[in-house]
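Notes to accompany the following structure.
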Amino acid sequence: MFIRNAWYIAAWADEITDRPLPRRICNEPVVLFRDTGGHAAALLDMCCHRGAPLHLGRVSEQGLVCGYHGLVFDRSGRCVHVPGQEQIPDRARVRAFPVVEQDAFLWIWMGDPAKADPESIVRFPWHNDAAHWPHRHTVYPIKGAAMQMIDNLMDLTHLGYVHASTIGGNPMTHVAAKMDVERTPLGLKFTRWMLNSVPPPTYVKAVGFQGRIDRVQKFEFIAPGCITQFTSADEVGAYRSGAATQEELENSKLRFRLFHGLTPETETSCFYFWSALNGFRPEDSAATDMLFAETGRAFNEDRAVVEAQQARLDELGEAGLVDIRTDAARLHMRRTMERLAAEEAQALAAE
Amino acid sequence: MFIRNAWYIAAWADEITDRPLPRRICNEPVVLFRDTGGHAAALLDMCCHRGAPLHLGRVSEQGLVCGYHGLVFDRSGRCVHVPGQEQIPDRARVRAFPVVEQDAFLWIWMGDPAKADPESIVRFPWHNDAAHWPHRHTVYPIKGAAMQMIDNLMDLTHLGYVHASTIGGNPMTHVAAKMDVERTPLGLKFTRWMLNSVPPPTYVKAVGFQGRIDRVQKFEFIAPGCITQFTSADEVGAYRSGAATQEELENSKLRFRLFHGLTPETETSCFYFWSALNGFRPEDSAATDMLFAETGRAFNEDRAVVEAQQARLDELGEAGLVDIRTDAARLHMRRTMERLAAEEAQALAAE
Amino acid sequence: MFIRNAWYIAAWADEITDRPLPRRICNEPVVLFRDTGGHAAALLDMCCHRGAPLHLGRVSEQGLVCGYHGLVFDRSGRCVHVPGQEQIPDRARVRAFPVVEQDAFLWIWMGDPAKADPESIVRFPWHNDAAHWPHRHTVYPIKGAAMQMIDNLMDLTHLGYVHASTIGGNPMTHVAAKMDVERTPLGLKFTRWMLNSVPPPTYVKAVGFQGRIDRVQKFEFIAPGCITQFTSADEVGAYRSGAATQEELENSKLRFRLFHGLTPETETSCFYFWSALNGFRPEDSAATDMLFAETGRAFNEDRAVVEAQQARLDELGEAGLVDIRTDAARLHMRRTMERLAAEEAQALAAE
């Protein structure tokens, strides 16, 4: 079961062109395209005539032309042309999904269109600020549920095991990290302090740390699929008395942000939209490239372990698994998701 | 469900040799072979001893030898040799299917053998007339139901969309084509007139048309799986007063015939047996090759769209699809198939 | 259904290192590894924390470290370390399977650990006698049930059909072989005499037989998955009066042994552990290599036929298959397996 009354990332905005793009979202086959007026659109990827996938067609002035017999659909899913006849049957339409283009993403609403409020979309304006936060982005298809990927990001102790050679470093640094957690209506925020710690390989590569560092990560999870991550690191002692002012963090030698967006493809697979934003050497595009490449290496390590985990959970289930102390944030996230799913089910039953 | 009391094309006759050929037909695993007497045969592809597929064996004087423990079966499926014992158990036999070799095909009957009348087999004698109608033939495995391929051939407006760059040409030419339809006991015949039309790329390649042409296609669908197609084209005005005499059509500058045979492999896949017959330059084997190659390019375009369509229908079903005017021939074909299936089910229930 | 209260071969002992090895046995995902003390171990391949497969981890001093969040398990499956907490929950353990390393194999017990008696393990000490019986070994994954592979080995008349060009030779030699059968508590022994027979290609290659030979094969099947094979061959007349003394067999010109071990992976796939032991030219490693390579060629022929057979049985079942005279040993084997399975089911019901 998916939470449907929510905005998911359907695509990076720059993926949407006049070449129709098929993508399965919450187990619905969707076709994404940009019409000749420049507006993005999302339709069910199945012609209402003979069932051919619409992504095999092409965009014309009138809309999306089916590649089989030439029916044309506008952004609202309405059929606007049937070759060989003047009158267009009322039933000739395909389902359209509300979409909004914002902060470099195309957002999609898979639930009741009447409830789709664009104001509730997660904001990440740094994607639009190439001067101060230049970024690179991509999407990874994952053969594991979105929930497993979010789990992964809610328990960062995995960094020392899965990412030892990249962004992780010493396992005990992560296990011993001081953690401040704050609950929010749609998830939680947490800050991890790793003071006086050995910098992981990627950090050394980025800014040439020589000795130990003070390292801070600020995460926020916003249900059902977004996680923002702000990271700062500097020489030991750079932060006032083992904490840090906002100013100190913003002046850190290493400073980057990551956006993690998880969109369910099926019950057991998802799309991982992510970006890496370079705030430490914004004028240096090689630094942005390096940050993106190193982060990608690490996220491929996550992909491998999550896909293997998914295969086991598919076969043997989650019953009997044992929670440990470092699962605290993960468990709060799960409770938030369960609450939202229950609320949606209740609202649906009441209709 | 398949119509079983019908002749299907099992293979091109030249595919049948002393090397056993496995082929799934109406979801039965069948082995096809030619015995040392030159007779084609079709048996269930499973030895009655330990279940090994018989296509792993070889043809001997006595019949088809199982490649596992050496039991031998004749064309009727009777076991004629068991290594290590004189007496052959009565139960030692495998199911045999009636077959007839005719017009370059091996035809197979998947239903009640008592009802298998060779007189009812579709005839296509031009396959035997290499002097006037030289041809090339092949078989395409399609990951789509036979019904979807027949649908495809019953609504030729797809030519302008799927085959724009090959045999299709301008979409509106096909949509506006004048069409004469005639119902028959086992399907329908229809003629499509595209007078004063732009020749598609393949036609120009074939005979070098310079301007617009008059183009005629005569189709016949014969349930459950055969479609014959006679095509003629000539300079505008070649046909008398916008129609054409038989003689005019036979003297057309471009003249070819296609045979389309669809045999179910499973509920969602089929074999597409097809041939292209060159009636415009019969002495020129390069022209026959060209016609075959261009037709093959177009049929691979059909394959792609039908396979994608099948995936959608498998997932979302046909309910809710909307018929349009150009579906008329297709709908008549479907009704014929439904009638035959119903008659067969009724006869079976009455037994 | 599998017989579970039995020792199966999990691996060749030399496959077990500090690199965890995943292997599915009786449809359970198992991870095999050797701890730093040199002891082999077998655990369920799923961490009890978040379900990640343990084979993605690594072996440390304390045990097997999960590659996701660092939990550590000892050979008994007990969790001995949870990063971030002192206390280890009682429930934090994974299932361990009894294992024994013996005669070059790692044996595993998939049933009730209380019933796992190492004394009942099949012995094959020649694997340890490199001076007199040097051998090569391997494991073939087979997409066919273990039972189908055992069937294969219980009816050697297949040699003349499946292995005509390798270890088989003339079909009638095998069909006409004189066979002595002796039943045992866990299976059967049988000896096949092929006197005055044409040597198969592999035999000629091995020792250069010029004319016909006397050939003897002694097989023993021990349920549920082991078959030992002792083969001797010599010039015609080498064996006393058409039989042979033990001494004559041991002095045969050609003398080799094969071990066949079948372990279920799933209901329709298995692992085929096999070795070839050179007793005819023990000092000549090229002869051992040749024996191994030729045997492997033959066993790949078995693999192909059994995998094709499995596909048919999966689809059409075994009902209606017809037994023949040469099935006698196979049928006794099947009855033994059925008896053991029934005894196990009965014991389980009585608990």
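Look at (1) under 30 Å from residue A:326 (Cβ atoms); (2) part of a loop (DSSP other than H, G, I, E, B); (3) more than 10 Å from every other protein chain (Cβ to nearest Cβ); (4) not hydroxyl-bearing (Ser, Thr, Tyr) and you find that residue C:130 fails only one, number (1).
To keep it simple, each residue is scored yes or no on (1) of a type in the set (D, E, K, R); (2) over 30 Å from residue C:34 (Cα atoms); (3) touching a Phe, Trp or Tyr at 6+ places or on another chain (Cβ under 9 Å).
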{"position": "C:107", "(1), (2), (3)": "no, no, yes"}
{"position": "C:110", "(1), (2), (3)": "no, no, yes"}
{"position": "C:124", "(1), (2), (3)": "no, no, yes"}
{"position": "C:143", "(1), (2), (3)": "yes, no, no"}
{"position": "C:160", "(1), (2), (3)": "no, yes, no"}
{"position": "C:168", "(1), (2), (3)": "no, yes, yes"}
{"position": "C:173", "(1), (2), (3)": "no, yes, no"}
{"position": "C:187", "(1), (2), (3)": "no, yes, yes"}
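The single condition from (1) part of a strand (DSSP E or B); (2) at pLDDT below 95 that residue B:11 fails is (2). Here the condition is being more than 21 Å from the chain's Cα centre (by Cα), of a type outside the set (D, E, K, R) and either under 28 Å from residue A:45 (Cα atoms) or at pLDDT below 95 (or both); of A:83, A:141, A:118, A:98, it holds for A:83 alone.
All of A:2, A:73 fail the test of being farther than 27 Å from residue B:148 by Cβ, in contact with a Cys (Cβ under 7 Å, 6 or more places away or on another chain) and not assigned by TED's automatic domain parsing to the domain that holds residue A:141, apart from A:2.
Of all the criteria given as (1) in contact (Cβ under 8 Å) with a residue 24 or more places away in the chain; (2) in contact with a Gly (Cβ under 9 Å, 6 or more places away or on another chain); (3) more than 30 Å from residue A:114 (Cα to Cα), the one not satisfied by residue A:321 is (1). Within the range B:139-170, take every residue that is under 25 Å from residue B:223 (Cβ atoms) and of a type in the set (S, T, N, Q) and give me the one that is surrounded by the fewest Cβ atoms within 10 Å (Cβ to Cβ). This residue is B:148. Among the residues of the range B:141-178, those identified as touching a Ser or Thr at 6+ places or on another chain (Cβ under 8 Å) and touching a residue at least 60 places away in the same chain (Cβ under 8 Å) are B:141, B:142, B:143, B:144, B:145, B:146, B:155, B:157, B:166, B:167, B:175. Each residue in the range B:237-281 was checked for being part of a loop (DSSP other than H, G, I, E, B) and of a type outside the set (A, V, I, L, M, F, W, C), and 10 of them qualify.
Would you call residue A:107 in contact (Cβ under 8 Å) with a residue 40 or more places away in the chain, under 30 Å from residue A:280 (Cα atoms) and in the same structural domain as residue A:257 (by TED's automatic domain parsing)? It is false that residue A:107 is in contact (Cβ under 8 Å) with a residue 40 or more places away in the chain, under 30 Å from residue A:280 (Cα atoms) and in the same structural domain as residue A:257 (by TED's automatic domain parsing). Comparison of C:262, C:254 shows that the only residue that is over 15 Å from residue C:225 (Cα atoms) and in the same structural domain as residue C:131 (by TED's automatic domain parsing) is C:254.
So, in the range B:12-65, of the ones that are more than 14 Å from every other protein chain (Cβ to nearest Cβ), crowded, with 21+ Cβ neighbours inside 10 Å and free of Cβ contacts under 8 Å to residues at least 40 places away in the same chain, which residue ends up farthest from residue B:92 (Cα to Cα)? In this case the residue turns out to be B:34.
Can you find a residue in the range B:66-74 that is in contact (Cβ under 8 Å) with a residue 40 or more places away in the chain, of a type in the set (A, V, I, L, M) and either within 13 Å of another protein chain (Cβ to nearest Cβ) or in contact with a Leu (Cβ under 7 Å, 6 or more places away or on another chain) (or both)? No, the conditions are met nowhere in the range B:66-74. Residue-level check: of (1) buried (at least 20 other Cβ atoms within 10 Å of the Cβ); (2) at pLDDT 85 or above, residue B:173 misses just (2).
For the range C:292-333, a residue qualifies if it is in contact with a strand residue (DSSP E or B) (Cβ under 9 Å, 6 or more places away or on another chain), under 16 Å from residue C:140 (Cβ atoms) and not aromatic (Phe, Trp, Tyr), and the qualifying residues are C:293, C:294, C:295, C:296, C:300, C:302, C:303, C:306, C:307, C:310.
Quick check on the range A:259-269. Is at least one of its residues aliphatic (A, V, I, L, M), surrounded by 20 or more Cβ atoms within 10 Å (Cβ to Cβ) and at negative phi?
Narrowing the range A:259-269 to residues aliphatic (A, V, I, L, M): A:262.
Cutting the leftovers down to surrounded by 20 or more Cβ atoms within 10 Å (Cβ to Cβ) gives us A:262.
Subsequent filtering for residues that are at negative phi retains A:262.
Yes, there is a match, as at least one residue in the range A:259-269 is aliphatic (A, V, I, L, M), surrounded by 20 or more Cβ atoms within 10 Å (Cβ to Cβ) and at negative phi.
For the range C:75-109, filtered to residues that are polar (S, T, N, Q) and within 10 Å of another protein chain (Cβ to nearest Cβ), the residue that is surrounded by the most Cβ atoms within 10 Å (Cβ to Cβ) is C:85.
Scanning the range A:162-173 for residues that are under 23 Å from the mean Cα position of the chain (by Cα) and either at the interface with chain C (Cβ under 10 Å from one of its Cβ atoms) or more than 24 Å from residue C:55 (Cβ to Cβ) (or both) yields one hit, A:162. Taking the range B:327-351 as the search range and keeping residues that are within 13 Å of residue B:221 (Cα to Cα) and among the hydrophobic types (A, V, I, L, M, F, W, C), which one is surrounded by the fewest Cβ atoms within 10 Å (Cβ to Cβ)? In this case the residue turns out to be B:331. When residue B:176 is evaluated against the numbered criteria (1) away from chain A (no Cβ under 14 Å); (2) more than 27 Å from the chain's Cα centre (by Cα), which criterion, by number, is the only one it fails? Exception for residue B:176: condition (1). State all residues of the range B:205-249 that are crowded, with 21+ Cβ neighbours inside 10 Å, more than 28 Å from the chain's Cα centre (by Cα) and of a type in the set (Lys, Arg); if no residue qualifies, say none. Result: no residue meets the conditions. Filter the range C:324-351 down to residues that are without any contact (Cβ under 8 Å) to a residue 12 or more places away in the chain, facing chain B (nearest Cβ under 8 Å) and either assigned to a helix (DSSP H, G or I) or in contact with a Phe, Trp or Tyr (Cβ under 7 Å, 6 or more places away or on another chain) (or both), then give me how many there are. The number of residues fulfilling the criteria is 1. Of all residues in the range A:136-159, how many are more than 11 Å from chain C (Cβ to nearest Cβ), in contact with a Pro (Cβ under 9 Å, 6 or more places away or on another chain) and part of a helix (DSSP H, G or I)? Adding up the residues that qualify gives 3.
The values are calculated or read from the model by the stated rules, or taken from the named source; none is laboratory data. The model shown is predicted, which means the values in this text are computed figures rather than measured ones. Virtual Cβ from ideal backbone geometry, glycine too; neighbours counted across all protein chains shown.
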